[in-house]
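The values are calculated or read from the model by the stated rules, or taken from the named source; none is laboratory data. All values reported here derive from a predicted model rather than from experimental measurement. Cβ coordinates were reconstructed from backbone atoms using ideal geometry, including for glycine residues, and neighbour counts include every protein chain displayed.
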Amino acid sequence: MLAMNFATTPRIVLRDGALDKLPAILAEFGVRHVALVTDAGLVRAGLVAPVEASLRAAGLSVTLYDAVQADPPEHIVLGAVEQLRAAGVDGVFALGGGSAMDVAKLVAYLLRSPCALDTIYGVDLARGARLPLVLAPTTAGTGSEVTPISIVTTAGDEKRGVVSRRLLPDVALLDPALTLGLPGPVTAATGIDAMVHAIEAFTSKRLKNPLSDVLAQQALALLSANLPRVLANGRDVEARGAMLLGSCLAGMAFANAPVAAVHALAYPLGGRYHVPHGLSNALMLLPVLRFNLAAAAPLYAQLASSVGATAQTAEGFLAAIETLVAGCDMPKRLHELQVTRDSLPQLARDAMQQQRLLINNPVEVSEADALRLYEEAF
């Protein structure tokens with residue numbers, strides 16, 4: 001008998017202008033003083049001030065925390081908790097990419113359930129309550145608005161995750177207007193990142209289920225059809241909305257059928273070289289897909305139609321992905337990002353620490369395999 005356990009964000013709002021609903025949504029949860037978690041880049045881009053103004057106009061107190069960094073280090077999370085606890089916030093809203101949303105999830109949890117951060121790394125160790133939490137992504141990539149996961153960079157440059165359904169937000173607001181200003185390379189990398197989520201969920205060795213499969217296939221169809229459109233015209237609101245929906249569906253899929261070797265090999269690139277997460281995944285995608293071919297070929301064939309492949313075969317699927325990646329304006333090789341060849345063995349050792357992810361891969365990955373995959377991507 002099939003057994004599954006599926007969870008996701010209980011309310012998702014997708015429409016142009018979805019952010020207009022934020023004050024009313026926070027009021028529904030009784031929030032009077034909201035933490036606005038974001039990064040300085042979005043403040044400079046002018047996206048944050050109108051949101052803060054609308055919240056204040058609705059009678060809410062607002063404390064802005066805009067020190068989020070990419071691949072957020074532990075001290076950023078802990079600093080945010082300290083600052084926002086002192087301010088007395090009773091709800092959390094994040095505006096940004098995966099890093100801002102990941103920080104906000106942990107802040108909402110740690111403000112309500114104080115504990116040492118390093119005691120909740122792992123799966124289902126965070127079991128307490130959290131403050132009301134609303135997330136609005138500004139990239140179509142991470143799907144963090146519907147995942148129970150926050151990734152933190154430790155002092156030793158290791159990526160560690162807190163995985164708990166307590167981190168799922170109350171509401172996700174998907175507003176394509178927030179993504180219109182994304183540069184082409186960021187749009188490309190985050191779009192491929194979302195596709196990685198869908199592909200790894202569909203091919204995951206553990207916890208793959210009918211719901212995650214349907215979500216992954218629909219996500220891939222939306223992402224592969226609309227990524228070229230938004231790269232050709234970044235102001236295409238309809239295509240931007242489709243990308244946000246595709247990213248969200250992929251997030252739902254991998255939150256329940258977990259990701260694998262692409263992510264395991266991507267994390268060390270972020271930890272040691274601060275390569276953005278989406279780009280790290282994009283760089284490792286094709287080497288890992290080819291490595292997994294022997295075991296995953298039947299699943300690749302099932303995905304071929306979702307990416308518009310000419311041939312409904314595993315080879316057709318791989319060719320379609322290669323074509324899509326080739327059309328993206330972003331770095332394609334590790335050496336373009338100042339990753340050095342002599343660092344590849346260390347990266348392979350780091351990747352072996354990601355057993356939480358590697359156990360989901362269709363093919364077992366040894367340290368020697370990881371090194372060969374980095375060499376292929378170099």
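Points to keep in mind about this one:
- In the stretch 228-247, the residues that are more than 16 Å from GLY181 (Cβ to Cβ), surrounded by fewer than 17 Cβ atoms within 10 Å (Cβ to Cβ) and in contact with a helix residue (DSSP H, G or I) (Cβ under 6 Å, 6 or more places away or on another chain): ARG229
- Residue within the stretch 359-377 that is buried (at least 16 other Cβ atoms within 10 Å of the Cβ) and in contact with a His (Cβ under 8 Å, 6 or more places away or on another chain) present: no
- Those residues of the stretch 316-333 which are outside any loop (DSSP other than H, G, I, E, B), loosely packed, with under 15 Cβ neighbours inside 10 Å and in contact with a helix residue (DSSP H, G or I) (Cβ under 8 Å, 6 or more places away or on another chain), in sequence order: GLU322
- Of the criteria (1) among the charged types (D, E, K, R); (2) surrounded by fewer than 20 Cβ atoms within 10 Å (Cβ to Cβ); (3) part of a loop (DSSP other than H, G, I, E, B), which one GLU82 fails: (3)
- Some residue of the stretch 192-199 being under 30 Å from ALA351 (Cβ atoms), of a type in the set (Asp, Glu) and under 16 Å from the mean Cα position of the chain (by Cα): yes
- Picking from residues in the stretch 1-44 that are exposed (fewer than 14 other Cβ atoms within 10 Å of the Cβ) and within 20 Å of ILE149 (Cα to Cα), the one that is farthest from the chain's Cα centre (by Cα) is MET4.
- Flag for PRO132 being surrounded by fewer than 22 Cβ atoms within 10 Å (Cβ to Cβ), touching a helix residue (DSSP H, G or I) at 6+ places or on another chain (Cβ under 9 Å) and over 28 Å from ALA27 (Cβ atoms): no
Every residue, every condition in (1) assigned by TED's automatic domain parsing to the domain that holds VAL262; (2) touching a strand residue (DSSP E or B) at 6+ places or on another chain (Cβ under 7 Å); (3) among the aliphatic types (A, V, I, L, M), yes or no:
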| position | (1), (2), (3) |
| --- | --- |
| THR139 | no, no, no |
| PRO148 | no, yes, no |
| ILE151 | no, yes, yes |
| LEU168 | no, no, yes |
| LEU174 | no, yes, yes |
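- Single unsatisfied condition, ALA188 versus (1) surrounded by fewer than 23 Cβ atoms within 10 Å (Cβ to Cβ); (2) under 30 Å from VAL363 (Cα atoms): (1)
- Matching residues in the stretch 41-80 - criterion: being more than 27 Å from THR153 (Cα to Cα) and of a type in the set (Gly, Ala, Ser): GLY46, ALA49, ALA53, SER54, ALA57, ALA58, GLY59, SER61
- Residue match in the stretch 355-377 (condition: within 29 Å of VAL123 (Cα to Cα), part of a loop (DSSP other than H, G, I, E, B), of a type outside the set (Phe, Trp, Tyr) and more than 25 Å from the chain's Cα centre (by Cα)): yes
- Residue list for the stretch 253-304, filter: outside any helix (DSSP H, G or I) and either surrounded by fewer than 19 Cβ atoms within 10 Å (Cβ to Cβ) or in contact with a His (Cβ under 8 Å, 6 or more places away or on another chain) (or both): VAL259, HIS274
- Looking across the stretch 305-315, the residues that are more than 15 Å from ALA198 (Cβ to Cβ) and not in a helix (DSSP H, G or I) come down to THR310, ALA311, GLN312, THR313.
For every residue, the table says whether it meets (1) surrounded by fewer than 19 Cβ atoms within 10 Å (Cβ to Cβ); (2) outside any loop (DSSP other than H, G, I, E, B).
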position	(1), (2)
GLY46	yes, no
PRO50	yes, yes
ARG56	yes, yes
GLY59	yes, no
LEU78	yes, yes
ALA86	yes, yes
ALA108	no, yes
